[in-house]
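Laboratory data are not the source of any read-out in this text; all were calculated from the coordinates shown. All values reported here derive from a predicted model rather than from experimental measurement. For neighbour counting, all protein chains shown are included, and Cβ atoms are generated from backbone atoms with ideal geometry for every residue, glycine included.
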Amino acid sequence: MSVPLQVPPQHEQDGERLLNPRPAEFVQIKTALTSPAKKRVCISGKVTLVCIKKLHDN
């Protein structure tokens, strides 16, 4: 015999947000590094130069 699972409304809302998160905010490349660390963002813009710095251990 099956019975429907009863969960508190808050748990149902939390589960829905985990499975279907809001779309990430689009930010320009110039401002991407200043956005908060735990904030989901999509990057938009054009890359015109790539500079790679090598770290040397002495």
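Pairs of lysine residues in the chain that meet both criteria, 8 or more places apart or on different chains and Cα atoms under 23 Å apart, total 5.
FRET efficiency for Arg22 and Ser2, Cβ-Cβ distance as r, R0 = 22 Å, nearest 0.05? It would help to have the intermediate numbers written out before the result.
Numbers: r = 33 Å, r/R0 = 1.48.
After rounding, the FRET efficiency stands at 0.10.
The share of C-alpha pairs in the chain whose separation exceeds 14 Å stands at 74 percent. Shown for Ser35, Ser44, Ser2: other C-beta atoms within 10 Å of each C-beta, ranked fewest to most, produce the order Ser2, Ser44, Ser35. Helix 9-19 and the long axis of the chain differ in direction by around 40°, with both axes built from C-alpha atoms. When the Cα positions of Pro23, Ile52, Pro4 are compared along the charge dipole of the chain, Ile52 comes out farthest toward the positive end, with charges on each C-beta of Lys, Arg, Asp and Glu.
Return the calculated 222 nm mean residue ellipticity for the chain, to the nearest 500 deg cm²/dmol, obtained by summing -39500 (n - 2.57) across DSSP H runs with n ≥ 4 and dividing by the residue count.
Working: 2 runs with 15 residues, N = 58.
Calculated mean residue ellipticity at 222 nm is -6500 deg cm²/dmol.
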